[in-house]
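Data block below; observations after.
The values are calculated or read from the model by the stated rules, or taken from the named source; none is laboratory data. All values derive from a computational prediction rather than experimental measurement. Cβ atoms come from the backbone with ideal geometry, glycine included; neighbour counts cover every protein chain shown.
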């Protein structure tokens, strides 16, 4: 792999703009190389070479009539071998630590040296950018280290207050000696203080800290939110062991994230140093000069090449973590701090191919069975399509959505979208696209096998009496899927299953939880599965109140069923509306409120259109058409402008964004057109308009619902891309871990 690709692959995605722009500098070197080759070509050159030289001279930069900062010195006073001189320049009203480095190029008077002048100017800009970013990050981690010190002081004081409450009153007064990064347990600290009471007391942690600390260890839940609403009093320390355990767990997570940030800062230094070394050696090779030595000596002596603060802080963090969070077990502590990235397993790839092949074989078997028995023209076709087909379509909706999600993950990884950070997945347990494909094809095989068995039992004369068993096949498959989903044992990706269940619960209790990205992302997925939810309602009615033994039901004749048919379609949009309202009250921003109006308009459209289908009437038709049009336009605008960040009039990429991930801009315009077309199909799904003379009504419902799932998969990619670019713009590469203790505003350390 070439260095440029390796350099890009090892970048922190959210810090990409802060790294040295290696590719741009390489482009300048290519221009220098082209000019030098043209100059060294024979005098009797071909017309093509002459035309190339003329074109190159046409676009050469004008060197100017006056000297610039690169040739302000008399060239005669410079050694023949000296090419550049790098110095640190202080601009007006700029602190010393923010001085910039500038390179003086002594060969600017030579013919064709304009590109070399441009090269060093750009090189200085990139180096100063890297140093400024690194300094800013180091300052931030030092402030975070101080905050972690205070958090650990409070934790140790709380530990001693609970484990040995008499100590601070009898032996030590109000003080307990606790060093954050020393590596001793509280009781070892106590023994040391007993043996050496005359030692310096300036770094002692006072148990009086507990009088100035508020603890934030109450787990976020629907019940805790309700308690907060009705009881506004602060959560003071109650000196319980549960508080210690919860605070320790939160601090452990904070240490892991802090150590990860230090590792990436260290890697940032190394990668940029290597990039500057590579580009300078390439410059020497292209120009046959010896400038890399002087420049790299400057790089070596700069702040960027001295990560001692970061390395020492890493060592202290590791020592503290191993001692206080890993029971002094170094291997366990380091494994927790440095999580190993997941590796692709060959058996997963094999099983994906195996299940995919089985699904193709089952599809062929079903088609041949239907054709051989001429089932499409059978008398029970309408009965089968009205009652059995919707039951199996439930699994088709799930499989299709999972396939689209697998495709999303594949393209997110390919274009370096940091979806794991945005979703908050654990690096060692998140599912890759191959695992999603494995689950999708496994469920597809089960579904197709159930469909085939159902057809065989219908046609085989020996099984005609087992009609009850025939009808129970879809219900049995649903039961298997639900049991696997809620299985508490560590099988079938338990952590991912529980993550999904928790996210679903947070969607159901939308107004009682702080809204995170996974919450409203999942809520949007549910809005595209309206037909799936209605199929769940049909399951309940068909097996609960319908006469499934005779393959007949009277669900559509029930007013309660029709009422719930509307209610089920409204529920996902109502969840998203509540999430938006929660964001408005938390963030004091009306942007989510406008988003909430989008879902409210869709609710109105769903209700009015469904009532019109049930009751008809000119007035309801006008109301339904108007509300549907408003909802469609509003949703389409929000998809493109707010969720995707496109249609920017003054962007450097017309009608797109300033920053794009995909190299082909036409893909964005195709996606916008497809979103409009598929959005219209989606409106037919939620508004219950399914009529086509050449297709059965159940088939039409399935096709239109599938188109909406495809539209949602397309939306997912660009929504995540926009979120990723927003994080990149703010250099947010780490999770914000809530700390367990908060100090009073007027508190000063003793």
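Kindly provide the set of residues from segment 321-346 that are within 27 Å of the chain's Cα centre (by Cα), part of a helix (DSSP H, G or I) and free of Cβ contacts under 8 Å to residues at least 40 places away in the same chain, ordered by number.
Answer for segment 321-346, where residues must be within 27 Å of the chain's Cα centre (by Cα), part of a helix (DSSP H, G or I) and free of Cβ contacts under 8 Å to residues at least 40 places away in the same chain: 333, 334, 335, 346.
Quickly run through segment 540-563 and pick out the residues that are within 22 Å of residue 380 (Cα to Cα), part of a helix (DSSP H, G or I) and at pLDDT below 85.
Passing the criteria: 548, 549, 550, 555, 556, 557.
Over 20 Å from residue 739 (Cα atoms) and exposed (fewer than 13 other Cβ atoms within 10 Å of the Cβ) - does that describe any residue in segment 237-248?
Scanning segment 237-248 turns up no residue that is over 20 Å from residue 739 (Cα atoms) and exposed (fewer than 13 other Cβ atoms within 10 Å of the Cβ).
Restricting to segment 376-396, count the residues that are surrounded by 12 or more Cβ atoms within 10 Å (Cβ to Cβ), at pLDDT below 75 and assigned to a helix (DSSP H, G or I).
Residues that pass the stated criteria total 0.
Please count how many residues of segment 412-431 are surrounded by 18 or more Cβ atoms within 10 Å (Cβ to Cβ) and either outside any helix (DSSP H, G or I) or out of contact with any helix residue (DSSP H, G or I) (no Cβ under 7 Å at 6 or more places or on another chain) (or both).
The number of residues fulfilling the criteria is 5.
When you check residue 468 against the structure, is it exposed (fewer than 13 other Cβ atoms within 10 Å of the Cβ), in contact (Cβ under 8 Å) with a residue 12 or more places away in the chain and part of a helix (DSSP H, G or I), yes or no?
yes
For segment 656-671, which residues satisfy the criterion of being over 22 Å from the mean Cα position of the chain (by Cα) and either assigned to a helix (DSSP H, G or I) or in contact (Cβ under 8 Å) with a residue 60 or more places away in the chain (or both)?
666, 669, 670
Residue-wise test of (1) under 32 Å from the mean Cα position of the chain (by Cα); (2) part of a helix (DSSP H, G or I); (3) at pLDDT 50 or above.
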| site | (1), (2), (3) |
| --- | --- |
| 112 | no, no, yes |
| 126 | yes, yes, yes |
| 133 | yes, yes, yes |
| 158 | no, yes, yes |
| 162 | no, yes, yes |
| 179 | no, no, no |
| 201 | no, no, no |
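With respect to residue 647, is the statement that it is assigned to a loop (DSSP other than H, G, I, E, B), surrounded by fewer than 20 Cβ atoms within 10 Å (Cβ to Cβ) and within 33 Å of the chain's Cα centre (by Cα) true?
In short, yes.
Looking at the structure I just gave you, is residue 488 within 27 Å of residue 357 (Cα to Cα) and more than 25 Å from the chain's Cα centre (by Cα)?
Against the criterion (within 27 Å of residue 357 (Cα to Cα) and more than 25 Å from the chain's Cα centre (by Cα)), residue 488 does not qualify.
Please go through (1) within 23 Å of residue 509 (Cβ to Cβ); (2) in contact (Cβ under 8 Å) with a residue 40 or more places away in the chain; (3) buried (at least 17 other Cβ atoms within 10 Å of the Cβ) for residue 536 and return the number of the only condition it doesn't satisfy.
Every listed condition holds for residue 536 apart from (3).
Looking at 620, 594, 683, 674, can you tell me which residue is under 30 Å from residue 516 (Cβ atoms), modelled with pLDDT under 85 and surrounded by 13 or more Cβ atoms within 10 Å (Cβ to Cβ)?
Answer to the selection: 683.
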